[in-house]
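Everything on this sheet refers to the single structure shown next.
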Amino acid sequence: MAASAQNQSFEAVVLPHLDAAHNLARWLMRDATAAEDVLQEAMVRALTYFPGFRGVNPRGWLLQIVRNAAYGSMKLNRGIELVPIANGEENGGAAIADLPSGGDDPETSLIKARDRSHLQQLIGALPVELRETLVLRELEELSYKEIAELTRTPIGTVMSRLWRARRLLVQATSEQRKAS
Amino acid sequence: MMTDEYAAGGCDKVLLVQAEFDGELDAAEAAQLAAHRAGCPVCRAAEAELAQARELLQGDLYQPMPDDVRARLLARLDLAPPQPAPARRFRIVSDFAAWRPPTFGFGLGAACAAALMLFVLSPDEQSLTDQVVAGHVRALQPGHLEDVLSEDRHTVKPWFDGRIDFAPPVKDLVAQQFPLKGGRLDYIGGRPVAALVYQRDKHVIDLFVRPVAAGTAVAPETTEKNGYNVVHWAQDGMAFWAVSDVERNQLRDFAAIWQRTP
């Protein structure tokens, strides 16, 4: 998609990135129905803004719209919490520690740790800012610069969020192994 | 607990180790870091942790859009399916979603797949009437009727602010047995329109509204399409399409009441 989006249809430019849009919405909202609602809202916005889109990065453009819609929805529905992480490095650790660790033997718990749904739980328990940075880097494979632009965050913050997200995941799994 | 002691004070190069791990350093920076890392246990430990983290994330964590979500989304937006990305199987969406002609520049496989799709008309061939009926039918699918659920026009009208670039008139016709149920955003003729949802007994009436050139006045015209009645008219700079399976006369009444209600 190197060519400018000008003169190209919405279908050709934007729709190839629906999987990325869904991936982000699903991880941000942590709920299939909420994610679909967010995508619905985001796609309506994308259609509305598309005539003004002149960029060369339609995926980033769409993901930004999805992110805005997701944050808007989280603010509206206070049931889904926005966890601020401004006040310290330890935030999120508590949420992860609350997850069931089980009393399995080390081998079983290692398998469990690698189990997809369990890992999803762990990632889901990360504060939203850490989670989105991790998802954008590890699953969407965006560069630091792309993540910084998309989340309107300085690159240094992107780097430290990514570091914290990764460490929390590694610690949560190794603590579970130790505990069992 | 060792939480973030590396980043906090263990070694200030840890985030650079991570940057290298993520392929964000150029060759000169990487070489500089390598010299430091050789004598820094903190950085080597960090590197091991990064590898662990990535290994954890190797699983099947990506959440591509499920087919049913895709079909619903495209149908709601009145869009054709995208050209298939490489290695993704061709998706067939409902005929309502595919009113734009498919592009056949992507090979025989897709052409074969297209044989499975209903033949679709180009937008030019498909009239607005067909589109409003398709929009109405789509909206009748569960959970898709209203985006704003309210019988109060003072709730419904502001809901469109910021979602659409015009302010649709919203009237409450409950006294005339056409109670307002809500509203939603729809796409007709490739642009956003307001859809107001009214009810008559057990029947749903969708009223699609979009702006037209000021001064355009069209007297109500009634047509029928696939068992649905459509009454189209224009007044006060807005074009209207009322669509429903109520009896034709009732839909005409609805249009007439709407027209004369201030």
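None of the figures in this text is laboratory data; all of them are computed from the coordinates on show. What you are looking at is a predicted structure, and each value in this text was computed from that prediction instead of being measured. Every residue, glycine among them, receives a Cβ derived from its backbone with ideal geometry; neighbour counts consider all protein chains shown.
Would you mind ranking B:Met65, A:Met74 by Cβ crowding within 10 Å, fewest neighbours first? Let's see the in-between values first.
Details: B:Met65 22, A:Met74 18.
So the residues, fewest neighbours to most, are A:Met74, B:Met65.
Between B:Thr261 and A:Gln8, take the C-beta separation as r, use R0 = 56 Å, and let me know the FRET efficiency to the nearest 0.05. Don't jump to the answer; show the numbers that get you there.
Numbers: r = 44 Å, r/R0 = 0.78.
Plugging the Cβ-Cβ distance into 1/(1 + (r/R0)^6) gives 0.80.
In peptide A:133-144, how many Cβ atoms from other protein chains are near each Cβ within 10 Å, on average? Walk me through the intermediate numbers first.
Numbers: counts 0, 3, 4, 0, 3, 8, 4, 1, 2, 0, 3, 5.
Mean shielding by partner chains, rounded to a whole number: 3.
Once you have a ≥ b ≥ c as the square roots of the Cα gyration tensor eigenvalues for region B:148-262, tell me rounded if a/c is under 1.5, and otherwise prolate or oblate according to whether a/b is larger than b/c. Intermediate results must be reported in sequence, preceding the final value.
Numbers: a/c = 1.41, a/b = 1.12, b/c = 1.26.
It comes out rounded by the Cα gyration axes.
Between B:Thr155 and B:Ala213, the modelled label-to-label distance comes to 4.0 nm, taking each label 7 Å out from Cα in the direction of the beta carbon.
For region B:146-208, trypsin sites (Lys or Arg not before Pro) meeting the loop criterion (DSSP other than H, G, I, E, B) and having at most 13 other Cβ atoms within 10 Å: B:Lys202. Measuring max minus min along each principal axis, the C-alpha atoms of region B:5-56 give extents of 29, 23, 17 Å (largest first).
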